[in-house]
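What follows is one structure encoded as structure tokens, with my remarks underneath.
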């Protein structure tokens, strides 16, 4: 997990200043890391909204929604995703989880002085099946449902879903400490 290291700095903009690609990249890194730290510290990881799971025979569907992973990265699913879950068998014993994970892909190829580069990076979350022991999610993934078979029927059990507000640490009110000391 990323933890703050070193001093924080930002570019000082002024008229006539020459900006380099590394200046702008450093600004993006600083802003993203600050947001990720904020998300981890104040919201925790889990589902913020949406991402409901439905089953249609051997296909699972995930509705659009928003989650935060353990690193504080925002996972935004903008359209429904469907996944073939026919590989889930009775012998899986509930170890198969449907999870969503943050991912970004290079896009908009461009030619740079040193060769081709991505002009942009697009965040496209991965929705996948993962087999793990009960209660465990793959590293950095947010669990959406536990999948199992009840006879021939595929079932999506939402009990493993954590919502961001379910496990954020509550700090005691400062006045509570004063009263205990009196």
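The values are calculated or read from the model by the stated rules, or taken from the named source; none is laboratory data. For clarity, every value in this text was computed on a predicted model and none was experimentally measured. For neighbour counting, all protein chains shown are included, and Cβ atoms are generated from backbone atoms with ideal geometry for every residue, glycine included.
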First in region 115-140 and more than 25 Å from residue 95 (Cα to Cα), second anywhere and modelled with pLDDT of 90 or more and not in a strand (DSSP E or B), Cβ under 8 Å, 6 or more apart: 123/102; 123/103; 124/103
Any residue that is in a loop (DSSP other than H, G, I, E, B) and in contact with a helix residue (DSSP H, G or I) (Cβ under 6 Å, 6 or more places away or on another chain) - is there at least one of those in region 20-29? no
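Mind listing whichever residues of region 121-145 are in contact with a helix residue (DSSP H, G or I) (Cβ under 9 Å, 6 or more places away or on another chain) and modelled with pLDDT of 90 or more? Talk me through it step by step, then tell me what you get.
At the first step, the residues of region 121-145 found to be in contact with a helix residue (DSSP H, G or I) (Cβ under 9 Å, 6 or more places away or on another chain) are 131, 134-135, 137, 143-145.
Within region 121-145, 143, 144, 145 meet the criteria.
If only one of 76, 11 is part of a strand (DSSP E or B) and over 30 Å from residue 149 (Cβ atoms), which one is it? Write out each step before concluding.
On the way: 11 fails: part of a strand (DSSP E or B).
After applying the criteria, what remains is 76.
Restricting attention to region 79-101, report how many residues are assigned to a strand (DSSP E or B) and surrounded by 14 or more Cβ atoms within 10 Å (Cβ to Cβ).
Taking region 79-101 first, the residues assigned to a strand (DSSP E or B) are 81-84, 96-101.
Filter again for surrounded by 14 or more Cβ atoms within 10 Å (Cβ to Cβ), leaving 81, 83, 96-101.
Going through region 79-101 one residue at a time, the tally reaches 8.
Please verify whether residue 71 is surrounded by 14 or more Cβ atoms within 10 Å (Cβ to Cβ), in contact (Cβ under 8 Å) with a residue 40 or more places away in the chain and touching a strand residue (DSSP E or B) at 6+ places or on another chain (Cβ under 8 Å), treating the condition exactly as stated.
Details: surrounded by 14 or more Cβ atoms within 10 Å (Cβ to Cβ): yes; in contact (Cβ under 8 Å) with a residue 40 or more places away in the chain: yes; touching a strand residue (DSSP E or B) at 6+ places or on another chain (Cβ under 8 Å): no.
For residue 71, the condition - surrounded by 14 or more Cβ atoms within 10 Å (Cβ to Cβ), in contact (Cβ under 8 Å) with a residue 40 or more places away in the chain and touching a strand residue (DSSP E or B) at 6+ places or on another chain (Cβ under 8 Å) - is not met.
For region 155-175, check the following and say yes or no: at least one residue is farther than 19 Å from residue 62 by Cβ, modelled with pLDDT of 85 or more, surrounded by 10 or more Cβ atoms within 10 Å (Cβ to Cβ) and in contact with a strand residue (DSSP E or B) (Cβ under 8 Å, 6 or more places away or on another chain). Give the derivation first.
Applying the first criterion (farther than 19 Å from residue 62 by Cβ) to region 155-175 yields 165-175.
Narrowing the set further to residues that are modelled with pLDDT of 85 or more leaves none.
Within region 155-175, not a single residue is farther than 19 Å from residue 62 by Cβ, modelled with pLDDT of 85 or more, surrounded by 10 or more Cβ atoms within 10 Å (Cβ to Cβ) and in contact with a strand residue (DSSP E or B) (Cβ under 8 Å, 6 or more places away or on another chain).
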When residue 49 is evaluated against the numbered criteria (1) surrounded by 15 or more Cβ atoms within 10 Å (Cβ to Cβ); (2) under 13 Å from the mean Cα position of the chain (by Cα), which criterion, by number, is the only one it fails? (1)
Residue list for region 36-45, restricted to those being within 24 Å of residue 122 (Cβ to Cβ) and surrounded by 13 or more Cβ atoms within 10 Å (Cβ to Cβ): 36, 37, 39, 40, 43, 45
Which condition number does residue 55 fail, the rest of (1) within 21 Å of residue 123 (Cβ to Cβ); (2) at pLDDT 90 or above being met? (1)
Enumeration of residues in region 46-73 that are assigned to a strand (DSSP E or B) and over 15 Å from residue 163 (Cα atoms): 54, 55, 56, 59, 60, 61, 62
